[in-house]
Protein chains: 2
Amino acid sequence: MTSKAVHADPGALAESIRVARGAQPADLVIRGTRFLDVFSGEILPGDIAVHRGLIVGTQESYRGRHELDGRAFVVVPGFIDAHVHIESSLLTPVRFQQAVMPLGTTTVIWDPHEIANVHGLAGLRWALNACEDLALDVFVMLSSCVPSTSPELALETSGAELSASDLASLREHPQVLGLAEMMNYPGLLSGSPDVIDKLYLFQDLPRDGHCPGLRGRDLNAYGAAGIHSCHESTSLEEAREKLRKGIHVLIREGSCAKDADSLLPLLDDYSSSVVGLCSDDRNPLDTATEGHISFIVDKALRLGHEPRNIFRAASFATAQAYGLKDRGAIAPGFVADFCLVSPRDGVHWHSGLAVHGVYKRGQRVGADDLAHQALGRTAAAAAVSPGPNIRLDPVAVHDFRVLAGTDAASQGVRVIGVRPRQILTDSLIATLPVSAGEVIGDAQQDVLKIAVFERHHGSGRRAVAFVKGFGLKRGAIATSVNHDCHNAIVVGADDAAMAAALEHLRHIDGGIVVVDGRGAAEALPLPVAGLMCDRDPRDVAATLEGLKAAARRLGCSLEEPFLQLSFLALPVIPSLKITDRGLVDVDAFRPVSPLLAA
Amino acid sequence: MTSKAVHADPGALAESIRVARGAQPADLVIRGTRFLDVFSGEILPGDIAVHRGLIVGTQESYRGRHELDGRAFVVVPGFIDAHVHIESSLLTPVRFQQAVMPLGTTTVIWDPHEIANVHGLAGLRWALNACEDLALDVFVMLSSCVPSTSPELALETSGAELSASDLASLREHPQVLGLAEMMNYPGLLSGSPDVIDKLYLFQDLPRDGHCPGLRGRDLNAYGAAGIHSCHESTSLEEAREKLRKGIHVLIREGSCAKDADSLLPLLDDYSSSVVGLCSDDRNPLDTATEGHISFIVDKALRLGHEPRNIFRAASFATAQAYGLKDRGAIAPGFVADFCLVSPRDGVHWHSGLAVHGVYKRGQRVGADDLAHQALGRTAAAAAVSPGPNIRLDPVAVHDFRVLAGTDAASQGVRVIGVRPRQILTDSLIATLPVSAGEVIGDAQQDVLKIAVFERHHGSGRRAVAFVKGFGLKRGAIATSVNHDCHNAIVVGADDAAMAAALEHLRHIDGGIVVVDGRGAAEALPLPVAGLMCDRDPRDVAATLEGLKAAARRLGCSLEEPFLQLSFLALPVIPSLKITDRGLVDVDAFRPVSPLLAA
């Protein structure tokens, strides 16, 4: 458990006292500024004195070795991302901090379950190693669901499985805060021993939840099992029930799952102490163009929310929920993580958020410093994948064949219905043409083939089914980022393009690929586990922008096709998903055929 | 760090899930009731299911092995006393719980610094032992200031001194939450090594504050040193500054120090997550007649405060501040500590609080059960003092002589000015008659003699000075309860009565004594350290009532003369105090003569 005012030695503690009393100059003083107090909810005037990484004085007059005119700003606590999969930024942690720190994020709570699904315990160790000694404070929740469903269900194939005893080996690591999102809520509700063991192992620590749509007595059971949070509410009513049942609601604005508009009405003076904000899965393009936690704050301000509430949710509330007692407030003894902000128009908060500067432990966050730290890491072990990425035999066109169930000229099929900007899917029905005994995708109806190829063990296992919502008229999109097992997934207008896309993915050893069906391919290679790369976030954002444009040229109508594709294999999010083992009816939690019985 | 939903074994965790889902009956169901949700601030309807000491379900329908009609009640979280010296109840912990649990208190955070001042480390060990396996959850903050001032200042003599290394030996005890109130704020501000060492030793845990009147940069320094709370604010303005500086304000209503009227306006929807309630020092009579934490809740309701705010401050806010993640809310996974309450008139909350039943870990708190547990302890080690109580030579009338400074017929003296219902004193001046070279107390001016005799080491050290405010016309009052060093203190209308009172105190080996100056004495013996007794709280309250009546018959005008007397030796509370070493000017933090220079 962290605490406020942790000092390196007794001498440093005594020095904090002297500086706070004004007997010795502070390292830094923000003069004549105002700050948001998350205890009283007021915006208060005065100097802010910072020394050795801690805030040592507020509301009084101070002198510092460095002084900054703070009259134009309001100082607010640095933003805390309560739940993030850094892998979804496609960046290694040292590159992730380059992307998010200038936007005001100073602490994140990471569930590294993407790399854990690829590389297991070695992946978790890689993650813990990769977030050591960063400017950004990265705390880790140990992944509870690797793979996302119980292995005995055989619904999907991950690169690794993590048992309670695997997690036990990392429980005491200083960066570890608790157990990450318990996605296997059906397993929890049915008392699966694996789930119970993990919950019991972490019962003295925070245990995160993930329970889209869970309500009533089943939601009670989830809380009674020790779950303290959930970031999966999509409706206000659902979120309100969770809050009323003592579950910290984390309002998420990812690239795919965007819940802020629905859930922000939950926030008021009372609840802002127990509601947090998170990004979950957010791509580098959205972070670059819209923001990170700052984006939710900005949105809330524009919607007319009180600054005191959204800024508290963005900081202190999450710090308290996770036992991070040393941060989240602008007050003596708290870590000097803060942002200099103002209303965008300088006057009215409902004009939105402008971030003018970010400080981490009293140091100004500078682009050059972050880039420098990244370069220092590039050659180091943290930039290297903990194992081989893609174990896949050469892919052929006939691998995508779907044989019709009867001799009829058409075939009824189950279709995954993509919902734009959501990771929930619909379970649809369509009728497709049959040619030479094979069911054919139909771009006119926008019912296309989708396939998942197991990529971790070289098993050759694959599944082909149908999806609606991508709008591709030609070509294909493939990626090795594919929640949570991260097998290779591909959607395409024809089998040849799909095969070409997967072959290119194999060639670059993981990443994101768009092929146009005429021989041209564009790609973002992701050499760390087929999930992350060690490149400047702006370069990655630009490459992604190019890939999105390429997809649009192929007819793709989705705003973010890659992340949406990446969630179609996650069999813990309703309703219909596809894994390497076939179509999964998530509501029934069982595999189903893509073909309807005649 | 505690967490919600801690289970004895994995099987119990799985059982909680089954019961919450309704697959198995709960131990107890409160049917058709309403409860206060401290997350949303709403009062919500539904059943509450309790199993194996935890709440497992709310807001839904349940069946239980025991069912209770809850329609007439609102269920609120059990009250948490954020800061208490159990010794001030004059009761051992097992008797204290008998007094407070039926009033709704289910958890207390104890600083056992009274017994620590008498018996040092042995006293702390006694305290930890005495609160094991009680029905009441008693957490301990280790006493930071034993004695209350640095020994090198030689301002007072305690029975023991506790160094940082003494405290280190008990730091890891499972009942220990952190470091108790840092009363030596002058020592903190001046960087006293002993204070710094203690703060540093506990820097990963909560460190309580105690800083009456501290403001401005000095208050910043207090927070920068790691202090997270203060219960010593007496004005709203002072409390507001502390809150704004990130210090949890604990609103106190003791027997002597009564701050609720002044501080309750601090409480609103926003701050009710960071403001706590405490009793600090409260005698058994006030607890029996007015209530405990329930008294502050009742007062707040009568003043028109929103139930959601006062009930959150009484429970969840303190639980959060001290890292007690398992309690303070009515929600699945939280410990089943709760009260069945209603407005006193059944309709309007501003009629005050009625407590109809209290549950601890799902068990109804019953007077008989508590009495039974007390009887079980009476013969046990916890009821026995950890050492001898009173080491004092026989007291004689001439021990109280004060020689005048000059030959004049009168003498200017410094006088401790007692403020009714406060532990702050005024530093007054008076002129007293001199007879045969001795300064004489003057009951007409109500300026009486007061004396402190060292009682721990048999040193014979004593001090005599003057006090205004008791109003005694004859007789004397003496006690071995005398914060914080707990030497023997006596106030009286004449020297003979004072000597008789101390002699009687010696005779009963510690307690509270009233002598009428005509040979009659009444007493409450306190055989545990001269501070506590192992008797039924009602008997103790009745005895105290008798003693108060006896004091009133002697002319005493104070509502609570014994506690007020007990705080006159505490040299960390301004302005003028008396210890065995003499008068202390607390503002200047130095000893002063009772006599003014001519």
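All of the numbers you see were taken from the coordinates with simple rules; none came from a lab. Remember, it's a predicted structure, so these values are computed and weren't measured experimentally. All Cβ positions, even for glycine, are placed from backbone atoms using ideal geometry, and neighbour counts span all protein chains on display.
Quick notes
- Pairs of lysines in chain B whose Cα atoms sit within less than 17 Å of one another amount to 9, provided the residues are eight or more positions apart or on different chains.
- Cα-based equivalent ellipsoid of region B:523-576: semi-axis lengths in Å, sorted from largest, via gyration tensor: 22, 18, 8
- Distance between modelled label sites at residue B:396 and residue B:585, nm, 7 Å Cα→Cβ extension: 3.4 nm
- 0 to 90° range, to nearest 10: angle between helix A:495-507 axis and chain A longest Cα axis: 50 degrees
- Gyration tensor (alpha-carbon) shape descriptor, region B:17-153, a/c threshold 1.5: prolate
- Solvent-free Debye scattering, log10 I(q)/I(0), computed from the Cα coordinates of region A:213-296 at q = 0.16, 0.21, 0.23, 0.24 Å⁻¹: -0.60, -0.93, -1.05, -1.12
- Note on A:418-430: average number of Cβ atoms from other chains within 10 Å of each residue's Cβ is 0.
- Local charge for residue A:558 was computed over the other residues whose Cβ lies under 12 Å away, with Lys and Arg +1 and Asp and Glu -1, and equals +2.
- Across peptide B:225-232, the average count of Cβ atoms from other chains found within 10 Å of a residue's Cβ is 4.
- With its label point defined 7 Å out from Cα along the Cα-to-Cβ axis, residue A:391 lies at 7.5 nm from the matching points of the other copies, in increasing order.
- Take each residue in A:193-204, count the other chain C-beta atoms within 10 Å of its C-beta, and the mean is 4.
- Helix-derived mean residue ellipticity, 222 nm - over chain A, DSSP H n ≥ 4, -39500 (n - 2.57), to 500: -7500 deg cm²/dmol
- Ranked by how many other Cβ atoms sit within 10 Å of their own Cβ, fewest first, the residues A:449, B:245 fall in the order A:449, B:245.
- For region A:502-598, the Stokes-Einstein estimate of translational diffusion at 25 °C and a viscosity of 0.890 mPa s comes to 160 µm²/s, using the Kirkwood hydrodynamic radius over alpha-carbon pairs.
- By DSSP, the beta bridges lying fully in chain A are antiparallel in about 70 percent of cases.
- Neighbour counting of Cβ atoms within 10 Å sorts the residues B:91, B:28, fewest neighbours leading, into B:28, B:91.
- Computed about the Cα centre, the dipole magnitude for chain A is approximately 660 debye when only Lys and Arg (+1) and Asp and Glu (-1) carry charge, each at its Cβ.
- Listed residues A:578, B:523, B:296: farthest to the positive end of the dipole of the protein assembly as shown (Cβ charges): B:296
- Taken over region A:144-235, the ratio of Cα radius of gyration to 2.2 N^0.38 Å equals 1.05.
- Volume in Å³ per residue [convex hull over Cα atoms, computed for the protein assembly as shown]: 159 Å³
- Backbone amide hydrogens, once placed in the peptide plane, bring residue A:404 within less than 5 Å of A:438, A:439, excluding anything fewer than 5 places away on its chain.
- With label points set 7 Å from Cα along Cα→Cβ, the inter-copy distances at residue B:519 are 12.7 nm, sorted shortest first.
- Each Cα pair of region A:379-437 feeds into the Kirkwood radius, which the Stokes-Einstein equation turns, at 4 °C and 1.567 mPa s, into a diffusion coefficient of 81 µm²/s.
- Take the Cα of residue A:290, go 7 Å toward its beta carbon, and the backbone nitrogen atoms of region A:226-264 under 18 Å from that spot belong to A:231-236, A:250-264.
- Between identical copies, the spacing of residue B:437 label points, each set 7 Å from Cα toward the C-beta atom, reads 13.0 nm from nearest to farthest.
- Within the shell defined by Cβ-Cβ distances under 11 Å, the residues around residue A:397 carry a net charge of -3, with Lys and Arg each +1 and Asp and Glu each -1.
- Charge sum, other residues only, whose C-beta stays under 13 Å from residue A:509's C-beta, Lys/Arg counted +1 and Asp/Glu -1: +2
- Dipole orientation for chain A: of the candidates A:155, A:270, A:555, A:270 has the Cα lying most toward the positive pole (charges on Cβ; Lys, Arg +1; Asp, Glu -1).
- Rounded FRET efficiency, nearest 0.05, which uses the C-beta distance separating residue A:236 from residue B:163 and R0 of 56 Å: 0.50
- Signed unit charges on C-beta, dipole axis of the protein assembly as shown, positive-most listed residue B:307, B:170, B:439: B:307
- Dipole magnitude of region A:255-397 about its Cα centre (Cβ charges: Lys, Arg +1; Asp, Glu -1), debye to nearest 20: 380 debye
- Three-way shape label, region A:298-361, alpha-carbon gyration tensor, a/c 1.5: oblate
- Charged-residue dipole, Cβ positions (Lys, Arg, Asp, Glu), the protein assembly as shown about Cα centre, Debye nearest 20: 820 debye
- Helix axis angle, B:367-378 relative to chain B longest principal axis, alpha carbon, degrees: 50 degrees
- The eigenvalues of the Cα gyration tensor, multiplied by 5 and square-rooted, give region A:14-91 an equivalent ellipsoid with semi-axes of 28, 16, 12 Å from largest to smallest.
- Scaled radius of gyration (Cα, divided by 2.2 N^0.38 Å) that chain A gives: 0.98
- The amide H of residue A:450, built 1.01 Å from its N in the peptide plane, has A:465, A:466, A:467 as neighbours under 5 Å, considering only residues 5 or more places off or on other chains.
- Amide proton proximity set for residue A:181, modelled H, under 5 Å, gap of 5+: A:144, A:208
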